[in-house]
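> Got a structure for you, written out below as structure tokens; questions coming shortly.
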Ligand SMILES: *Cc1c(COP(=O)(O)O)cnc(C)c1O
């Protein structure tokens with residue numbers, strides 16, 4: 001490394017690999033939990049009309065009160081709780097990590113979990129503690145109790161449903177984690193549109209609970225909008241770290257428009273859930289894989305006889321891109337994750353996989 005970079009850069013940053021997102025090309029793209037559906041033509045047109053009237057010469061609103069009120073109402077945020085908006089929930093995780101990064105502090109999360117928790121902890125300079133889940137991907141309560149007791153985490157992240165495993169942790173276990181945590185507990189409900197279960201109401205019970213949601217998985221991944229709900233004692237601290245213009249005017253106007261047409265997303269989510277059940281039912285009939293339950297818009301499965309890389313590569317040859325999580329040892333060994341797509345995408349995936357597995361097993 002150059003002497004100047006060595007002098008300037010933090011060693012833990014120098015050691016990081018840049019987050020790699022492969023260019024999709026003409027693939028059937030089932031790797032990133034995106035919603036496969038666009039808006040109906042008439043709604044797209046109405047949105048364009050709103051965009052045409054949105055001025056870009058001024059800085060965006062630093063506190064979009066109308067949008068926040070609409071979010072509070074649509075997402076049933078309990079009265080009296082505060083809301084912070086971020087450029088995707090990734091930015092909110094970063095703000096929380098920065099706010100908590102006292103010397104000696106740690107950020108705790110179960111593993112396997114959302115990769116950004118660990119990465120962002122490194123960016124923020126807060127120690128990361130990963131606690132293994134059980135083999136069924138449930139919270140391992142003896143290990144969680146021990147880790148919380150030993151490390152006294154400043155903040156704990158729980159994804160509900162969990163990514164990449166797709167399951168909802170047992171709510172009794174989550175309540176206990178909240179009750180024994182000395183710092184903040186963030187319930188990351190990115191997959192809420194597909195889950196039918198939430199800790200939003202529990203905000204009224206616990207003043208150190210925060211609930212995070214995002215517009216990404218619901219169908220607006222390109223917009224970059226995430227939100228954090230919780231007691232104002234937390235939100236007012238985090239707000240000090242938020243860049244005042246973190247949300248563009250176009251994002252704010254589009255999000256408000258989207259919430260005024262929330263029924264469109266609700267219908268799409270319903271359809272995606274139906275497609276997920278179809279996908280699970282079809283996968284169940286195939287030999288050579290173990291299937292895990294999902295309350296999200298993706299499905300995790302394990303390939304027998306260490307063939308996950310082979311299956312992944314053969315799908316790729318047929319221009320189907322899913323996610324291979326199975327190369328490292330551990331709880332995800334030989335596991336692949338596929339996003340629920342539209343009818344055609346799911347059909348293409350299922351028939352390709354059926355062919356590959358019948359050759360292998
Ligand atoms: C996809 C995902 C997010 C979303 O991040 P955005 O920055 O809002 O797109 C957050 N948490 C989890 C667990 C996710 O899987």
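A short reminder: the numbers here are calculations on the coordinates, not readings from a lab. Owing to the predicted nature of the structure, the values given are computational and were not obtained by experimental measurement. Every residue, glycine as well, gets a Cβ built from its backbone with ideal geometry; the counts of neighbours run over all protein chains shown.
> Under the definition of Cα pairs under 8 Å and six or more residues apart, what whole-number percent is the relative contact order of the chain?
Relative contact order of the chain: 22 percent.
> Now, a different point. Take each of the peptides 279-287, 227-235, average the number of other beta-carbon atoms within 10 Å over its residues, and list them starting from the highest.
227-235, 279-287
> Continuing with the same structure: Label points 7 Å out from Cα along the Cβ direction at residue 179 and residue 21: separation in nm?
4.1 nm
> Let me ask something else about it. Subtracting the Cα-Cα distance from 0.36 nm times the residue separation, let me have the gained length for residue 207 to residue 32 in nm, one decimal.
Stretched fully, the residue 207-residue 32 segment lengthens by 59.7 nm.
> How much length is gained if the chain between residue 14 and residue 267 is pulled fully straight, taking 0.36 nm per residue apart and subtracting their Cα-Cα distance, in nm to one decimal?
86.6 nm
> Can you give the calculated 222 nm mean residue ellipticity of the chain, where each DSSP H run of n ≥ 4 adds -39,500 (n - 2.57) and the sum is split over every residue, rounded to the nearest 500 deg cm²/dmol?
For the chain, the value works out to -12500 deg cm²/dmol.
> Based on the alpha carbon coordinates of the stretch 197-240, what radius of gyration and maximum Cα-Cα distance (Dmax) apply, in Å?
My reading of the Cα-based Rg and Dmax gives 12.1, 34 Å.
> I would also like to ask the following. Any idea what diffusion coefficient the stretch 55-261 gets from Stokes-Einstein, in µm²/s, Kirkwood Rh on alpha carbon pairs, 37 °C, 0.692 mPa s?
Reported coefficient: 190 µm²/s.
> Put a dot 7 Å past each Cα toward the Cβ at residue 63 and residue 197; how far apart are the dots in nm?
3.7 nm
> Could you calculate, for the stretch 248-301, the ratio of the Cα radius of gyration to the Kirkwood radius, expressed as Rg to Rh?
We get a ratio of 1.23 for the stretch 248-301.
> Give, in nm to one decimal, the length gained when the segment between residue 50 and residue 150 is fully stretched (0.36 nm per residue of separation minus the Cα-Cα distance).
Net length gain for the segment: 30.7 nm.
> How big is the Cα convex hull of the chain in projection, averaged over all directions, in nm²?
20.2 nm²
> Report the relative contact order of the stretch 55-261, percent, no decimals, based on alpha-carbon pairs under 8 angstrom and at least 6 residues apart.
Computed over the stretch 55-261, the figure is 29 percent.
> Treat each spin label as a single point 7 Å out from the Cα along the C-beta direction, and report the residue 250 to residue 358 distance in nm.
In this crude spin-label approximation the distance works out to 4.7 nm.
> Would you look at the GNM of the chain, springs on alpha carbons closer than 10 Å, and say which of 324, 246, 149 moves the most?
Among 324, 246, 149, the largest GNM mean-square fluctuation belongs to 149.
> Cut-off 10 angstrom, C-alpha nodes, Gaussian network model of the chain. Which of 50, 155, 338 fluctuates the most?
Greatest mean-square fluctuation among the candidates belongs to 50.
> With a 10 Å radius around each residue's Cβ, average the other Cβ atoms per peptide and rank 87-93, 128-134, highest first.
Order by mean packing, descending: 87-93, 128-134.
> In square nanometres, what is one fourth of the surface area of the convex hull spanned by the alpha carbons of the stretch 263-332?
5.7 nm²
> With no solvent and one point per C-alpha, what does the Debye sum give as log10 I(q)/I(0) for the stretch 185-344 at q = 0.08 Å⁻¹?
-0.33
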